[in-house]
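Some notes on the structure that comes next.
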Amino acid sequence: MKQLPLDREEYIEQAYFFRNYRERLEDDIPSQVILATIYEEILATTKLPMAIDFLKAEILLTGRISDGMEKLSHYFTPFQTFILKNAEDDKSKFDQKMGLKILEREAEYRSETPTSAGLFIYQFECIARNRLGYHNGLDVISKDTLYNDDWSAWIRKLKIQLGSVDFADLLYFRSQHFVDEQQRIPGKEDFTPQYPILFSAQDGRIAKANHDRDPLYMFAALQRQLGYPDVPRSIAKPDQSLFHPALEARLHKIETRLQLMDAELKGNFDLDQFIVKDPDFNEKDLE
């Protein structure tokens, strides 16, 4: 049986928790210390402090916060657990800080006036951008508390349709815009779809305009036009040396010596490159 959505104050505190957890990880504070201190900051009227207390014990036992979230399935959604489980996977390139930022923004959206369409677009783009796998990703999305049975059934069906049908068309055919266009056709004024309509007319217009285009363009248009939450993106780091400057200088000296030894062994050693030439002054420099 699917759990009911949490109260608004729970999502507000969750957003605070995920944001501060990420920021303190960036300051190289251990997760055990973060969970022990942030516990006191969360609003006591919510259930989150109890959840954090459980996560603190679980991370000491297994070293993973996602294991504790999975056991608290009545509080954390399968999508939240899925994101952090991928972030904590040793073989995954998905960063934990990015995972926490994704959950923070999702909690912020839930604390406002979320719609099933807006939440689905956000969650689907998170999976697509970070290459977390559509099969397992859509399965956990379908179990979210905000989706009714019609939504859950359609999301599970996407696992079969993706790749064979354009994603924008999948949204368009489930939108009110598709129904309106069919009813404008002479003789089809009474057209009624045989399946539930999940997206609004605005969703459908944007989806139709992005037929055969990169779905990321459609996601961006939905965010601009309908206020759907933006998916966090990793910022490319500037080119930086992998080594400390002092170590890099030492390695450069070692490399130079090796080159000289190699040249000497091959008989190509040239002393002229080490001869310091006298400065060449002209008359103007002496005036």
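The values are calculated or read from the model by the stated rules, or taken from the named source; none is laboratory data. Quick caveat, the model's predicted, so the values are computed rather than measured. Note that each Cβ is placed from the backbone with ideal geometry, even for glycine, and that neighbours are counted across all protein chains shown. Just the protein is used for accessible areas: all its heavy atoms, side chains included, with ligands, DNA and RNA removed. Shrake-Rupley method; radii C 1.70, N 1.55, O 1.52, S 1.80 Å.
Things to note:
- Excluding ligands, DNA and RNA, the accessible surface per residue across the chain is 62 Å² with a 1.4 Å probe.
- What a 1.4 Å probe finds exposed on the chain is 51% carbon and sulfur by accessible area, rounded to a whole percent.
- Shape call, region 28-95: gyration tensor on alpha carbons, a/c limit 1.5: oblate
- The chain: angle of helix 48-62 to the longest principal axis, Cα-based, in degrees nearest 10: 50
- Top positive-direction residue, dipole computed over the chain with Cβ charges, set M218, V140, L260: V140
- About the centre of its Cα atoms, region 153-196 shows a dipole size close to 300 debye [charges on the beta carbon of Lys, Arg (+1) and Asp, Glu (-1) only; nearest 20 debye].
- For the chain, the relative contact order is 15 percent, taking Cα pairs closer than 8 Å that sit 6 or more residues apart in sequence and dividing their mean separation by the residue count.
- Cα Rg, Dmax, the chain, angstrom units: 28.6, 101
- A simple charge model with +1 on the Cβ of Lys and Arg, -1 on the Cβ of Asp and Glu and nothing else charged puts the dipole of the chain at about 1200 debye relative to its Cα centre.
- Using alpha-carbon coordinates, inclination of helix 96-110 to the longest axis of the chain, degrees: 30
- Between 0 and 90°, nearest 10: helix 215-226 axis offset from the chain longest Cα axis: 60
- Three-way shape call for region 116-175 based on the alpha-carbon gyration tensor, with the a/c threshold at 1.5: rounded
- Rel. contact order, % - alpha carbon contacts under 8 angstrom, at least six apart, region 15-110: 32
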